[in-house]
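I have a structure here, written as structure tokens, and I will follow up with some questions on it.
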Amino acid sequence: MVKIAPSILSADFCNLERDIQRVSTADWLHVDVMDGMFVPNISIGVPVVQSIRAHTDMFLDTHLMVEKPGRYVDAFAKAGADLLSIHLEADMPPAIHAALDRMEALGVKKGIVLRPITAAEAVVPYLERGLDLILVMTVEPGFGGQSFLADQLPKISAIRALIDRYCPGCRLEVDGGVNAKTAKDCIAAGADVLVAGSAIYGATDIPAAIAALRG
Ligand SMILES: O=C(CO)[C@@H](O)[C@H](O)COP(=O)(O)O
Ligand SMILES: [Fe+2]
């Protein structure tokens, strides 16, 4: 069953509670954290996640686009994130493994994210240790509203095969430019969690837009 994770990056931050309620027919809430270093944009941080947690029971799928993400695992876990996904490009492998160890110790679900340039095979050492999620970016991270990079579809298929081999049960999420049309391609390639910001918040009928993404 495919899960839909609306990205609140496309919400109105002055009406965040209202905009979270608007996507209540979805499964997860995708929270994009950007530090202005790993990506050329700044979004939201720990206090906002803490406030969101106080206002919703939705599963908080927290995408950390930050340098050296291990520095923030404790703070986001304490703020109420259910899952933390960190970019494998954001630090050296031992530090990424240490951050994943810390997530395990804190009881938060753990994910690894790949930029478009990163090859599928890079996830193998992380799948071997056990992961809850791999996130494939289908745009350059940093901004909502960009066009889907179709050249990432073979990578999604390759990672699906690696998950089935090394870590069955790990979810495969796709993020960036997902709409009703590209969602079909992602699902066909093996994705089972779809993030969408503009395709959901830009729709006049949000529940219908969420339903359309399910395929
Ligand atoms: O992580 C990111 C962008 O860096 C995403 O989560 C975007 O927020 C998705 O927005 P759309 O491409 O669906 O508009
Ligand atoms: Fe994201």
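Within segment 192-205, how many residues turn out to be closer than 21 Å to residue 113 by Cα and either more than 14 Å from ligand 2 (Cβ to nearest atom) or of a type outside the set (Gly, Ala, Ser) (or both)?
Within segment 192-205, residues that are closer than 21 Å to residue 113 by Cα and either more than 14 Å from ligand 2 (Cβ to nearest atom) or of a type outside the set (Gly, Ala, Ser) (or both) number 4.
Just wondering, is there one or more residues in segment 31-41 that are surrounded by fewer than 21 Cβ atoms within 10 Å (Cβ to Cβ), assigned to a loop (DSSP other than H, G, I, E, B), of a type in the set (D, E, K, R) and within 16 Å of ligand 2 (Cβ to nearest atom)?
Within segment 31-41, not a single residue is surrounded by fewer than 21 Cβ atoms within 10 Å (Cβ to Cβ), assigned to a loop (DSSP other than H, G, I, E, B), of a type in the set (D, E, K, R) and within 16 Å of ligand 2 (Cβ to nearest atom).
Still on this structure: Please determine, by comparing only the residues of segment 8-30 that are among the charged types (D, E, K, R) and surrounded by 13 or more Cβ atoms within 10 Å (Cβ to Cβ), which one is nearest to residue 62 (Cα to Cα).
27
Looking at segment 163-190 only, could you name the residues that are of a type outside the set (Asp, Glu), within 14 Å of ligand 2 (Cβ to nearest atom) and under 18 Å from residue 130 (Cα atoms)?
If the condition is that a residue be of a type outside the set (Asp, Glu), within 14 Å of ligand 2 (Cβ to nearest atom) and under 18 Å from residue 130 (Cα atoms), then no residue fits.
Taking the criterion of being touching a residue at least 12 places away in the same chain (Cβ under 8 Å), more than 15 Å from ligand 1 (Cβ to nearest atom) and closer than 19 Å to residue 175 by Cα, would at least one residue in segment 1-9 satisfy it?
Yes; the residues of segment 1-9 include at least one that is touching a residue at least 12 places away in the same chain (Cβ under 8 Å), more than 15 Å from ligand 1 (Cβ to nearest atom) and closer than 19 Å to residue 175 by Cα.
Read the figures in this text as sums done on the coordinates, not as results from a lab. Treat the numbers as computed from the prediction; the structure is a model and nothing was measured. Cβ sites come from the backbone with ideal geometry, for glycine too, and all protein chains shown count toward neighbours.
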